[in-house]
Amino acid sequence: TFTPCLNDTGSTTFSYSYQTGNYTKIGNKVFFYFSVGFTHNNSSPGVLQLKGFPFTPADNSSYPRFTTTVNKVSLSGPIALTAYLGPNAATGNILLTYINGTGWGSLSTSALTAAGSDMTISGFYTV
């Protein structure tokens, strides 16, 4: 098991109702499930980041993408959310992709409902 957590590049702080992380490592692949329930103060929102992964990804110029679900998020337009880890990076990010092809960007904590949200991420990456 591992303890997933969230970080904000601004000064928003998080309180958790649960933090669940499970993983299986097979060779140089890490398969994981990451789930958090949280509230936040949204004091000075920045970019939402993911922390607490059990291993640092390989430095192989790969950006593995993960299945992502975030409840109680306020976004405009048809948008897909995808979490990813960069090469040799212990911190992950959530990428917004506009389904109509008009662009992409990072998920800001200002889009999350302060009264409570939950997030589930699963996937695998190489170490």
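The values are calculated or read from the model by the stated rules, or taken from the named source; none is laboratory data. Note that the coordinates shown come from a computational prediction; the quantities given were computed from them, not determined experimentally. In this analysis, Cβ positions are derived from the backbone assuming ideal geometry, glycine residues included, and neighbour counts consider all displayed protein chains. Side chains are part of the model used for accessible areas, which takes the heavy atoms of the whole protein and leaves out ligands, DNA and RNA. Shrake-Rupley method; radii C 1.70, N 1.55, O 1.52, S 1.80 Å.
Scan the stretch 103-110 and give yes if some residue there is open to solvent by 40 Å² or more (accessible area, probe 1.4 Å), farther than 15 Å from D8 by Cα and not in a strand (DSSP E or B), otherwise no. Checking the stretch 103-110: not a single residue is open to solvent by 40 Å² or more (accessible area, probe 1.4 Å), farther than 15 Å from D8 by Cα and not in a strand (DSSP E or B).
Is there a residue being over 20 Å from L85 (Cβ atoms) and open to solvent by less than 70 Å² (accessible area, probe 1.4 Å) anywhere in the stretch 20-37? Among the residues of the stretch 20-37, at least one is over 20 Å from L85 (Cβ atoms) and open to solvent by less than 70 Å² (accessible area, probe 1.4 Å), which makes the answer yes.
Out of the residues in the stretch 1-19 that are assigned to a loop (DSSP other than H, G, I, E, B) and not aromatic (F, W, Y), which is most open to solvent (accessible area, probe 1.4 Å)? Taking the candidates together, the pick is T1. Take T120 and tell me if it is among the polar types (S, T, N, Q) and either assigned to a strand (DSSP E or B) or crowded, with 19+ Cβ neighbours inside 10 Å (or both). Taking the combined requirement at face value, the residue satisfies it. Scanning the stretch 74-81 turns up one or more residues that are touching a Leu at 6+ places or on another chain (Cβ under 8 Å), in a strand (DSSP E or B) and modelled with pLDDT of 85 or more. Whenever a residue of the stretch 100-123 is without any contact (Cβ under 8 Å) to a residue 24 or more places away in the chain, its partners that are open to solvent by 60 Å² or more (accessible area, probe 1.4 Å) and hydroxyl-bearing (S, T, Y), lying with C-beta atoms within less than 7 angstrom and at least six residues away or across chains, give the pairs W104/Y98. Within the stretch 27-74, restricting attention to residues that are of a type in the set (D, E, K, R) and within 15 Å of the chain's Cα centre (by Cα), the residue that is farthest from Y125 (Cα to Cα) is K72. Output yes when any residue across the stretch 47-56 is at pLDDT 85 or above, open to solvent by less than 70 Å² (accessible area, probe 1.4 Å) and touching a helix residue (DSSP H, G or I) at 6+ places or on another chain (Cβ under 9 Å), and no when none is. Scanning the stretch 47-56 turns up at least one residue that is at pLDDT 85 or above, open to solvent by less than 70 Å² (accessible area, probe 1.4 Å) and touching a helix residue (DSSP H, G or I) at 6+ places or on another chain (Cβ under 9 Å). Screening the stretch 63-73 for residues that are polar (S, T, N, Q) and either touching a residue at least 60 places away in the same chain (Cβ under 8 Å) or under 22 Å from T13 (Cα atoms) (or both) and picking the one that is least open to solvent (accessible area, probe 1.4 Å) gives T68.
Between N42, N88, N60, the distinction of being touching a helix residue (DSSP H, G or I) at 6+ places or on another chain (Cβ under 7 Å), open to solvent by 20 Å² or more (accessible area, probe 1.4 Å) and part of a loop (DSSP other than H, G, I, E, B) belongs to N42 only.
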